[in-house]
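Everything on this sheet refers to the single structure shown next.
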Amino acid sequence: MKFKMILLLFLLALVVSTVNAEGQQTCAANLEAKCDGGSSDGWKGEFFPGISKIKYEGPTSKNPLSYKWYNAEEEILGKKMKDWFRFSVAFWHTFRGTGADPFGAPTKSWPWEDGTNSLAMAKRRMRAHFEFMDKLGVERWCFHDRDIAPDGKTLMETNANLDEVVALAKELQEGNKIKLLWGTAQLFFHPRYMHGAATSSEVGVYAYAAAQVKKALEVTHYLGGENYVFWGGREGYQSLLNTDMQRELDHLARFLKAAADYKKKIGFNGTLLIEPKPQEPTKHQYDWDAATAYAFLQKYGLLGEFKLNIECNHATLSGHSCHHELETARINGLLGNIDANTGDPQIGWDTDQFLTDIGEATLVMLSVVRNGGIAPGGFNFDAKLRRESTDVEDLFIAHISGMDTLARGLRNVAKLTEDGSLAELVRKRYQSFDTEIGALIEAGKADFETLEKKVMEWGEPSVPSGKQELAEMIFQSAL
Ligand SMILES: [Mn+2]
C-alpha cells in the first residue's frame, strides 16, 4: 500500500514536472472536470503558440513555415488549387503517431499529451487537431473510430465514448469551417481481429466488426463525411493451409454489401472506398491492388457501390507505381481518393512518408487532371513524421512540404498541358488506328478473316519508334 502511494506520488510529480516544463497546462493532466477557467479537458490557451496561420510566400521564401508552391486560391487548369487537392489531415498519424516501432519506444512527447488514453485526453487532442488544421489552412480531415475515442469495456460504452468525442468534433468543424473527408473503422488493432474482421473464422468477430462499421458509418454521416473507407488490414491470410479462401472472400463480399445497404438505410450519400494493399500486416491481403479490387467488386456485383482509395506506398508494395494504380482506377471509373504518401526506395515495407519527389507528384497529378479532379474524394496525408522528428513544428513542416510538392506536380501538369507535345506524341503513336480499319477493330467489327485479307494486301507493317526517351525528355523538362 505504502509502495503504491509512493508510486502514485512519483507519477503525479512526473506529470506535474512535464507540465511545468512546457508551461502550458493549467491543471492535472487527466482531469475530467473543468479547472482554473480552462476547458473541461484541462488545457488552456493555444496548442501551437508561436505558430501563426501558414501563408503562401512564393518560391523564393526561405521561411519553412510558409507555402512556396501551394497557393490555395490560385486558379490552375480552370480550378482553384484547393479544389484540385481537397487536402486532408489524417488524425491517426498526426495526432496518434508516437514514433514507436517494433524495436523502440515512443519518441514524441507532444506538450498536450498526458500519457493516458482517457476521454478528457481524447477531447483535448481533438481541439489540438482543429487548431492545427486551422493554422495549416487545410479544410478536411480523416479518422479511425478508435483513434479519436478510447475503447470502453463494452460496445455500448465504446460507442458512448465515441459519441462524446464526435459531438465535440462536430462543434469544432462548424467553428472552424472544416469538413470531414472520410471516416473509417479500425478493424485491425484489437486482438479480437487477429484472424481478420469480415474474413475472421469466428462468426462472433464478423458480427462485432459489423456492429463497429455500423456505428462508424453513423458517426461519419453525422459529421457530414463525404466518403467512408474500408482498409482491411487483416482481411487476408498468413497461411493457405489453414484458410478457406473462397469462404473468406464470400464473407467479405457479404459484409461490404451489408455496409452499402446500411449506408442507404441511414441516408448517407458519401462514397464507399476500398483501399488496396498487398500485404502487411497479413502475408497476403485480399484487396492486393486496384485490379484485384476491381475484379472482386465485379465478381460480387458491387461495382457502382464502391470506388478505390489509392495509396502510393501501397502501390509500390504491390510492385506497381502509384501512377499505374491511379490509371488503373481511373480508366475503370474507380478513382475515388488518394492517400498521399510515399515509400522509401530501399525499404520494403510501408513507411508512410510525406511525398517530396516532384517527378512522382507530377505523375500523380497527371492522373488526377485526366480524371477531371477527385471530388468528392481528396488527398489525405496518410503520412507520418520519421521517428527521429520530434519537434512540434515538424508536424507543420511535413504537411507544408507534402502540399508544396503536390502543388509543384499540378503546376508541372499545367506546363505539360500547355506545351501539348507529350499528348501529341501519344496521339501520333496510335494514329494508325485513326483509320477505317482501325475504327472497325475498335468497334469490335473486324474479324480475323478481314484482318488476314488486309495483311495480304499490305505486306509487312512498318513499325515506328516508341520515342520513350523523347517522352521522358518532354516530361523532365516540365519539372
Ligand atoms: Mn501506408
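Stokes-Einstein diffusion for region 38-82 at 20 °C, viscosity 1.002 mPa s, with a Kirkwood radius from C-alpha pairs, works out to 164 µm²/s. Counting only DSSP beta bridges with both residues in the chain, the antiparallel share comes to about 20 percent. Annotation: peptides 183-189, 383-389, ranked by per-residue average of other Cβ atoms within 10 Å with the highest first, follow the order 183-189, 383-389. Its alpha carbons give the chain an Rg and a Dmax of 25.3, 101 Å.
Taking the longest Cα principal axis of the chain as reference, the axis of helix 245-265 is set at about 70 degrees.
About its Cα centre, the dipole of region 423-477 is roughly 160 debye, where the only charges are +1 on Lys and Arg Cβ and -1 on Asp and Glu Cβ. With R₀ set to 25 Å, the beta-carbon distance separating residue 203 from residue 156 gives a calculated FRET efficiency near 0.75.
FRET efficiency for the residue 109 to residue 467 pair, using the beta carbon distance and R₀ = 51 Å, is estimated at 0.40. Farthest toward the positive end of the dipole of the chain, out of 359, 435, 410, is the Cα of 410, where the dipole comes from beta carbon charges about the Cα centre.
When the charge dipole of region 89-223 is built from unit charges on Cβ atoms (+1 for Lys and Arg, -1 for Asp and Glu) and taken about the Cα centre, the candidate among 203, 158, 92 whose Cα reaches farthest toward its positive end is 92. The label point for residue 61 and the one for residue 176, both projected 7 Å from the Cα toward the Cβ, are 1.9 nm apart. Charges were assigned to the Cβ only: +1 to each Lys and Arg, -1 to each Asp and Glu. The resulting dipole of region 319-404 about its Cα centre is roughly 360 debye. The stretch between residue 417 and residue 450, if pulled fully straight at 0.36 nm per residue, gains 8.0 nm over its current Cα-Cα span. Packing here is the average count of other Cβ atoms within 10 Å per residue, and on that basis the peptides 158-164, 49-55, highest first, run 158-164, 49-55.
Under 11 Å from a label point set 7 Å out along the Cα-to-Cβ vector of residue 476, no amide N atom of region 356-375 is found. Each Cα pair under 8 Å and six or more residues apart adds its separation to the average, and for the chain the resulting relative contact order is 13 percent. The packing ranking, built from the mean of other Cβ atoms within 10 Å per residue, places the peptides 136-144, 63-71, 308-316 in the order 308-316, 136-144, 63-71, highest first. Relative to the dominant Cα principal axis of the chain, helix 290-299 is inclined by about 80°. Between 255, 448, 126, the Cα set farthest toward the positive side of the dipole of the chain (charges on each charged residue's Cβ, about the Cα centre) is that of 126. Taken about its Cα centre, the chain carries a charge dipole of about 1080 debye when Lys and Arg each add +1 at the Cβ and Asp and Glu each add -1 at the Cβ. Helix content alone sets the calculated 222 nm mean residue ellipticity of the chain: runs of n ≥ 4 DSSP H residues at -39500 (n - 2.57) each, divided across all residues, give -14500 deg cm²/dmol.
For an R0 of 30 angstrom, estimate the FRET efficiency from the Cβ-Cβ distance between residue 460 and residue 424 and round to the nearest 0.05. FRET efficiency, residue 460 to residue 424: 0.65. Helix 203-222 and the longest principal axis of the C-alpha atoms of the chain enclose an angle of approximately 90°. Pairs spanning more than 20 Å between alpha-carbon atoms, out of 44/177; 277/307; 428/453; 68/170; 215/283; 53/177: 44/177; 428/453; 68/170; 215/283.
Every read-out reported here was derived from the displayed coordinates using simple, explicitly stated rules and does not represent laboratory data. Fair warning: this is a prediction, and the values are worked out from it, not measured in the lab. All Cβ positions, even for glycine, are placed from backbone atoms using ideal geometry, and neighbour counts span all protein chains on display.
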